[in-house]
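Data first, discussion second: the structure below is written as structure tokens.
The values are calculated or read from the model by the stated rules, or taken from the named source; none is laboratory data. Everything numeric in this text was worked out from a predicted model, so none of it was measured. Here the Cβ positions follow ideal geometry from the backbone for every residue, glycine too, while neighbour counts run over all protein chains shown. We work out accessible area using only protein heavy atoms, side chains counted, and drop any ligands, DNA or RNA first. Shrake-Rupley method; radii C 1.70, N 1.55, O 1.52, S 1.80 Å.
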2 protein chains.
Amino acid sequence: MSVLATAQQLADVRAARAAHRAGSAAPTSGVAAGLTQANLIAVPADWAFETLLYAQRNPKPCPVLEVIEEGQVESVLAPGSDIRTDIGRYRIWRDGELAEEVADARAAWDEHPDLVAFLIGCSFTFETGLVQAGIPIRHQELGRNVPMYRTSVDCVPAGRLRGEMVVSMRPIAADRVADAVQISGRTPAVHGAPVHVGDPASLGIADLSRPDFGDAPELRDGEIPVFWACGVTPQAAIMASKPPFAVTHAPGYMFITDVPDAEFLV
Amino acid sequence: MSVLATAQQLADVRAARAAHRAGSAAPTSGVAAGLTQANLIAVPADWAFETLLYAQRNPKPCPVLEVIEEGQVESVLAPGSDIRTDIGRYRIWRDGELAEEVADARAAWDEHPDLVAFLIGCSFTFETGLVQAGIPIRHQELGRNVPMYRTSVDCVPAGRLRGEMVVSMRPIAADRVADAVQISGRTPAVHGAPVHVGDPASLGIADLSRPDFGDAPELRDGEIPVFWACGVTPQAAIMASKPPFAVTHAPGYMFITDVPDAEFLV
């Protein structure tokens with residue numbers, strides 16, 4: 001399919017990327033609604049094949065939208081963009097440890113000019129469809145970041161890369177869970193249907209109120225916690241696999257593209 | 001999803017792989033019906049990242065089902081298999097030229113022990129659904145190989161790899177074209193919906209009766225030629241890009257896995 005963004009969406013997304021480039025940062029759920037957001041992981045060229053293979057073997061958490069090759073910094077999904085500056089907040093990883101969070105990653109690219117950047121699909125893509133169907137997104141309503149959790153589910157390894165799956169969680173009213181499954185299932189190339197509905201303990205999540213990334217959720221009476229595979233999964237792989245260097249976005253602070261979410265509907 | 005193969009299907013597929021291993025060869029459309037078949041491209045490790053990236057950038061013709069890493073020869077999609085022997089007919093490529101066709105590729109792996117093998121989805125997967133819906137598959141009826149064509153549509157390049165898209169063609173009655181689109185569209189991870197319906201000239205196909213691969217088609221009154229992206233596309237990339245060495249299957253002579261086609265339904 002080829003779906004066109006509206007002029008308003010394009011104005012919104014360019015303003016958002018320009019603001020990030022100028023140094024501002026906030027979670028991006030709901031920003032430039034209807035345009036696809038992406039997770040970032042950038043690794044030295046020597047790790048690029050294994051990263052792409054890890055994504056291929058774990059397509060639910062790691063759907064690859066684009067690979068920006070060594071020496072390139074502009075995304076084809078966002079003409080005029082610069083992947084080093086147009087995300088609100090970056091994480092710099094050294095030997096699997098989070099070394100610092102920065103608003104501008106140009107110094108990281110200067111240090112490692114051979115970085116290959118992977119844009120990974122984000123569950124914010126199907127939030128648009130959920131909202132349109134009258135299913136409220138709690139973290140948007142509260143102005144918070146989506147809650148994300150490391151799980152006890154191992155991803156399929158690839159070379160030196162291994163790690164557990166990370167999931168995002170949205171509380172969904174029991175009578176809308178089936179709708180949420182079907183709506184998100186229409187974007188199989190961007191996480192697709194949930195990996196788990198209810199029962200956090202069997203995912204290895206001991207306490208829903210203490211997410212590993214993002215903000216605490218608010219579960220109300222009659223709501224079920226619904227879990228989707230999350231594009232922060234590569235960050236768990238960094239922690240477990242300890243590549244010498246990597247750059248990612250900070251969870252919830254996404255790269256926003258010019259591509260409508262509807263492009264990924266089947 | 002996790003869909004189980006039947007005992008009969010598993011008996012059929014093991015017999016087929018054993019026959020190929022023993023040296024026999026025939027086009028595999030309709031063999032072990034309901035189990036997923038795959039295209040093969042194997043390249044030296046130095047070309048593996050670009051091959052995987054080419055597939056990621058051209059997912060309709062090159063949906064990756066599995067990557068068999070350097071030093072491995074067994075597919076996880078077919079326990080007990082050997083990718084060097086279990087296809088009926090292999091093509092050996094040198095500097096982009098077809099050097100020979102062989103029934104056994106062990107000598108190729110001996111010559112290049114660093115080969116990385118890619119299994120790419122095959123349109124035979126959705127033929128099962130078409131047959132179940134009462135849409136006849138002409139090449140199966142005639143006991144021929146499916147017709148395949150090089151097109152004037154360029155794939156997105158990746159590093160040293162470039163080339164045009166290859167398509168397979170099935171004649172479909174005009175009143176079943178929409179059904180064929182919808183049925184194949186349910187397997188977006190395995191070529192999915194057609195890339196083109198009717199009008200071969202606008203795909204750069206001058207003469208339908210002379211396919212570039214496979215056997216000539218038989219188009220009957222009231223039938224429309226319907227074109228799907230084809231997993232022979234990597235062979236066109238080999239011809240255009242001239243890697244020093246590569247191994248593929250011969251078009252139509254596929255690797256048959258133990259995985260039910262239904263596994264790829266969304």
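Residues checked against (1) within 14 Å of another protein chain (Cβ to nearest Cβ); (2) more than 19 Å from A:Gly143 (Cβ to Cβ):
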residue	(1), (2)
A:Ser184	yes, yes
A:Ala189	yes, yes
A:Gly192	yes, yes
A:Val195	yes, yes
A:Asp199	no, yes
A:Ala206	no, yes
A:Asp212	no, yes
A:Pro217	no, no
A:Asp221	no, yes
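Among the residues of the range A:82-111, what is the count of those that are touching a helix residue (DSSP H, G or I) at 6+ places or on another chain (Cβ under 9 Å) and not small (Gly, Ala, Ser)?
Counting residues in the range A:82-111 that are touching a helix residue (DSSP H, G or I) at 6+ places or on another chain (Cβ under 9 Å) and not small (Gly, Ala, Ser) gives 15.
Looking at A:Ala189, A:Ala178, A:Ala229, which is the one that is touching a Phe, Trp or Tyr at 6+ places or on another chain (Cβ under 6 Å), closer than 26 Å to A:Gly34 by Cβ and not assigned by TED's automatic domain parsing to the domain that holds A:Ala32?
Details: A:Ala178 fails: touching a Phe, Trp or Tyr at 6+ places or on another chain (Cβ under 6 Å); A:Ala229 fails: touching a Phe, Trp or Tyr at 6+ places or on another chain (Cβ under 6 Å).
Within the list A:Ala189, A:Ala178, A:Ala229, the selection yields A:Ala189.
So which residues in the range B:65-107 are farther than 24 Å from B:Lys242 by Cα, open to solvent by 40 Å² or more (accessible area, probe 1.4 Å) and of a type in the set (D, E, K, R)?
Across the range B:65-107, the qualifying residue is only B:Glu74.
Of the residues B:Pro113, B:Pro136, which single one is closer than 16 Å to B:Ala45 by Cβ and out of contact with any strand residue (DSSP E or B) (no Cβ under 7 Å at 6 or more places or on another chain)?
Numbers: B:Pro136 fails: closer than 16 Å to B:Ala45 by Cβ.
Every option except B:Pro113 fails the conditions.
Counting just the residues of the range A:154-175 that are at pLDDT 95 or above and open to solvent by 50 Å² or more (accessible area, probe 1.4 Å), which one comes out nearest to the other protein chains (Cβ to nearest Cβ)?
A:Gly159
What are the residue pairs meeting all of these: first residue in the range A:237-266, first residue of a type in the set (Lys, Arg), second residue open to solvent by 20 Å² or more (accessible area, probe 1.4 Å), Cβ atoms under 6 Å, and 6 or more apart or on different chains?
Correct list of pairs: A:Lys242/A:Asp95.
Scan the range A:139-152 and give yes if some residue there is surrounded by fewer than 17 Cβ atoms within 10 Å (Cβ to Cβ), touching a strand residue (DSSP E or B) at 6+ places or on another chain (Cβ under 8 Å) and more than 14 Å from every other protein chain (Cβ to nearest Cβ), otherwise no.
There is at least one residue in the range A:139-152 that is surrounded by fewer than 17 Cβ atoms within 10 Å (Cβ to Cβ), touching a strand residue (DSSP E or B) at 6+ places or on another chain (Cβ under 8 Å) and more than 14 Å from every other protein chain (Cβ to nearest Cβ).
Inside the range A:179-207, can you point out the residues that are open to solvent by 30 Å² or more (accessible area, probe 1.4 Å), over 21 Å from A:Cys155 (Cα atoms) and among the hydrophobic types (A, V, I, L, M, F, W, C)?
A:Val181
Having 2 or more residues that are over 15 Å from B:Ile256 (Cα atoms) and away from every other protein chain (no Cβ under 14 Å) is the bar; report the strands (runs of 3 or more DSSP E) wholly within the range B:1-95 that clear it.
Details: elements: B:35-44, B:64-68, B:90-94.
So the answer is B:90-94.
Pull up the range A:229-249, narrow it to residues that are outside any helix (DSSP H, G or I) and under 9 Å from the mean Cα position of the chain (by Cα), then point me to the one that is nearest to A:Pro44 (Cα to Cα).
Filtering the range A:229-249 down to residues outside any helix (DSSP H, G or I) leaves A:229-232, A:242-249.
Imposing the further condition that a residue be under 9 Å from the mean Cα position of the chain (by Cα) reduces the set to A:230-232, A:249.
Values: A:Cys230: 23, A:Gly231: 19, A:Val232: 18, A:His249: 16 Å.
So, considering only residues that are outside any helix (DSSP H, G or I) and under 9 Å from the mean Cα position of the chain (by Cα), the one nearest to A:Pro44 (Cα to Cα) is A:His249.
Quick test for you: out of A:Ile120, A:Ile135, pick the one residue that is among the hydrophobic types (A, V, I, L, M, F, W, C), farther than 24 Å from A:Val67 by Cβ and open to solvent by less than 40 Å² (accessible area, probe 1.4 Å). Full working, then the answer.
Numbers: A:Ile120 fails: farther than 24 Å from A:Val67 by Cβ.
One residue alone meets the criteria, A:Ile135.
On the given criteria, is A:Thr51 at pLDDT 95 or above, touching a helix residue (DSSP H, G or I) at 6+ places or on another chain (Cβ under 7 Å) and either assigned by TED's automatic domain parsing to the domain that holds A:Arg162 or hydroxyl-bearing (Ser, Thr, Tyr) (or both)?
Details: at pLDDT 95 or above: yes; touching a helix residue (DSSP H, G or I) at 6+ places or on another chain (Cβ under 7 Å): no; either assigned by TED's automatic domain parsing to the domain that holds A:Arg162 or hydroxyl-bearing (Ser, Thr, Tyr) (or both): yes.
When the stated conditions are applied, A:Thr51 does not pass them.
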